[in-house]
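First the structure, which I've put down as structure tokens, then a few questions once you've had a look.
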Amino acid sequence: MRIAMIGTGYVGLVSGACFSEFGATVTCVDKDADKIERLRRGEIPIYEPGLEQLVANNAGAGRLGFTTDLKAALAGADAVFIAVGTPSRRGDGHADLSYVFAAAAEIGEALAGELTRELAGDLTRAPTGHRTIVVTKSTVPVGTGRRVERILQRALPQGGFEVASNPEFLREGSAIQDFMRPDRVVIGTDSEHAREVMRALYRPLYLLETPIVFTAIETAELIKYAANAFLATKITFINEVADLCEAVGADVQDVARGIGLDGRIGRKFLHAGPGFGGSCFPKDCQALVRTAAEAAAPLSIVETVLAVNDSRKRRMADRIAAICGGDIAGKTLAVLGLTFKPNTDDMRDSPSLSILPPLAEAGATIRAFDPEGMAEAQKLMPHLTYCTDAYETMQGADALVLITEWNEFRGLDLGRVKGLLRHPVVIDLRNIYKPDDMAAAGLAYHSIGRAGGTPTTKPAALRAIA
Ligand SMILES: NC(=O)c1ccc[n+]([C@@H]2O[C@H](COP(=O)([O-])OP(=O)(O)OC[C@H]3O[C@@H](n4cnc5c(N)ncnc54)[C@H](O)[C@@H]3O)[C@@H](O)[C@H]2O)c1
């Protein structure tokens, strides 16, 4: 199998490397020449555990290559994947499909060129009747696959291609494991030939008995959005339950365990925190809400999830200020973790971007550290003071704020933390410490949805219940 992967971001690069590991010959294409140059040198432009080794192994074996030349990548390809970005369109929250459509047009042009050469006898090989499968891997709203098909039809009225949708469910930070051992693979297409090619590509997973869900294109597109919106809803649900726990003196960790052990509910995505962020959930929920509104089938649950989540992230700044005595001006905060989750350098829509700028604007000095996200964070929040490690951030700070639960922040030397902070206050937005351990270390500990939570809402809410 020969495939081309258009876009070498978090999804394209991981998918391309994993398909080559499965045995396909993969050419990854990006219009960012600098990225391709770095990849050719063996440098990985993103942080994703295990990716460097996987790319090196497969590039070394001659199964994985990188180019800016889409036409060359497409020559003789059985399938071409579109894995370009689909960010939120400015203004209306709809998915910006300009990159997807541009890629489709370029693919159409390249395939048409190949066909013309073939018909003109320009190639040494005989006409093959070869049909390339054009697969959309980017997350795209329902109807996009059909629009990609129409773009290709305009360039290739005589045919020679089939379309399919193959949404990706990998998570940054565990992307390789997710791609190699997915819960399922979803493939939407009308074409039996496309099904055959996709089955062959995913054959190693088929042998592992991974469920492969074949659907219509529209259904595959919607499955991806419904999955993300459901997970975002689960997170938002437990976050609101955490607020209630604080108000009534219950413990959200125990509530999450108590409900999560019910097989109908499941334990995952029930970790209370500062609100979801990242490159997918916020933009995909927004795009789904737009699609639903346009189809006159509104998804009011998802609309509410977005509104609740946005206000939660904003309220985290107030919460931190309240714990620090209300007026944050002149105070110093030590912040650990800036990326939207651990094991990635991705800062897109990270909660830290909603929480920290208002605190800085209110006059706080923010000293921050993140194991992988600082280069990107510096571009987005240049006013922060960036430190070289966790303990350096704490020197003379009035409070320590944990925003992202990187493993290296889970086992801090609490005696050292207390010694470094000017005031022994720890605000843990991810509940990674036990309140008892913190109390034993002499630290005033504030977490989410547990005893010792925000001091601002509890008394009033308890009075109201009494
Ligand atoms: N990041 C994730 O965890 C994740 C998970 C599942 C699905 N997705 C979806 O996958 C898609 C890609 O996401 P990402 O995070 O990998 O994006 P990204 O921004 O990291 O990468 C996109 C890449 O595509 C390149 N590109 C854009 N137009 C191009 C063109 N015409 N030709 C060649 N290259 C082009 C860009 O230069 C960039 O390198 C999105 O639709 C996203 O919603 C992302």
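Considering every residue within the range 85-92, establish whether at least one is in contact with a strand residue (DSSP E or B) (Cβ under 6 Å, 6 or more places away or on another chain), within 13 Å of the ligand (Cβ to nearest atom) and modelled with pLDDT of 90 or more.
yes
More than 16 Å from the ligand (Cβ to nearest atom), under 22 Å from A229 (Cβ atoms) and either open to solvent by less than 20 Å² (accessible area, probe 1.4 Å) or part of a helix (DSSP H, G or I) (or both): which single residue out of D254, D243 fits that description?
Only one candidate qualifies: D243.
Just to be sure, is F237 open to solvent by 40 Å² or more (accessible area, probe 1.4 Å), at pLDDT 95 or above and not small (G, A, S)?
When the stated conditions are applied, F237 passes them.
Turning to a different aspect of this structure: Take the residues of the range 442-451 that are open to solvent by 30 Å² or more (accessible area, probe 1.4 Å) and not in a strand (DSSP E or B): which is farthest from M316 (Cα to Cα)?
G442
Of everything in the range 282-304 that's in contact with a helix residue (DSSP H, G or I) (Cβ under 7 Å, 6 or more places away or on another chain) and open to solvent by 30 Å² or more (accessible area, probe 1.4 Å), which residue is farthest from L336 (Cα to Cα)?
So the residue we want is P298.
Can you tell me which residues in the range 67-78 are near the ligand (Cβ under 10 Å from one of its atoms) and surrounded by fewer than 16 Cβ atoms within 10 Å (Cβ to Cβ)?
T68
Which number in (1) modelled with pLDDT under 95; (2) open to solvent by 50 Å² or more (accessible area, probe 1.4 Å); (3) more than 25 Å from L152 (Cα to Cα) marks the one condition that R63 misses?
(1)
Please specify each residue of the range 200-232 satisfying the condition of being within 30 Å of P274 (Cα to Cα) and open to solvent by less than 40 Å² (accessible area, probe 1.4 Å).
Residues satisfying the conditions are E221, K224, Y225, A227, N228, A229, A232.
Oh, and also: Provide a single number: the residues in the range 376-406 that are open to solvent by 30 Å² or more (accessible area, probe 1.4 Å) and within 22 Å of N431 (Cβ to Cβ).
Within the range 376-406, residues that are open to solvent by 30 Å² or more (accessible area, probe 1.4 Å) and within 22 Å of N431 (Cβ to Cβ) number 2.
Also, I was wondering about something else. Which of the numbered conditions does R117 fail, given that it passes all the others? Conditions: (1) open to solvent by 10 Å² or more (accessible area, probe 1.4 Å); (2) more than 10 Å from the ligand (Cβ to nearest atom); (3) at pLDDT 95 or above; (4) in contact with a Leu (Cβ under 7 Å, 6 or more places away or on another chain).
(3)
Further, regarding this structure: For the range 14-45, how many residues meet the condition of being assigned to a helix (DSSP H, G or I), more than 12 Å from the ligand (Cβ to nearest atom) and not basic (K, R)?
6
To keep it simple, each residue is scored yes or no on (1) away from the ligand (no atom under 15 Å from the Cβ); (2) closer than 30 Å to R290 by Cα; (3) in a helix (DSSP H, G or I).
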| position | (1), (2), (3) |
| --- | --- |
| V55 | no, no, yes |
| N58 | yes, no, yes |
| V80 | no, yes, no |
| A105 | no, yes, yes |
| V140 | no, yes, no |
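Looking only at the range 268-315, count every residue that is farther than 27 Å from V84 by Cβ and touching a Cys at 6+ places or on another chain (Cβ under 6 Å) and tell me the total.
Residues that pass the stated criteria total 0.
Can you confirm whether A322 is free of Cβ contacts under 8 Å to residues at least 40 places away in the same chain and among the hydrophobic types (A, V, I, L, M, F, W, C)?
no
Quick one: count up the residues across the range 363-375 that are open to solvent by 50 Å² or more (accessible area, probe 1.4 Å) and of a type outside the set (S, T, N, Q).
2
Give the number of residues within the range 305-328 that are open to solvent by 20 Å² or more (accessible area, probe 1.4 Å), in contact with a Pro (Cβ under 9 Å, 6 or more places away or on another chain) and under 22 Å from Y225 (Cα atoms).
2
Among what's in the range 142-168 and is open to solvent by 40 Å² or more (accessible area, probe 1.4 Å) and part of a loop (DSSP other than H, G, I, E, B), pick the residue that is nearest to Q286 (Cα to Cα).
V142
The values are calculated or read from the model by the stated rules, or taken from the named source; none is laboratory data. Everything numeric in this text was worked out from a predicted model, so none of it was measured. Methodologically, a virtual Cβ is constructed for each residue, glycine included, from the backbone with ideal geometry; neighbour enumeration extends over all protein chains shown. Keep in mind that these areas ignore ligands, DNA and RNA; they rest on the heavy atoms of the full protein, side chains included. Shrake-Rupley method; radii C 1.70, N 1.55, O 1.52, S 1.80 Å.
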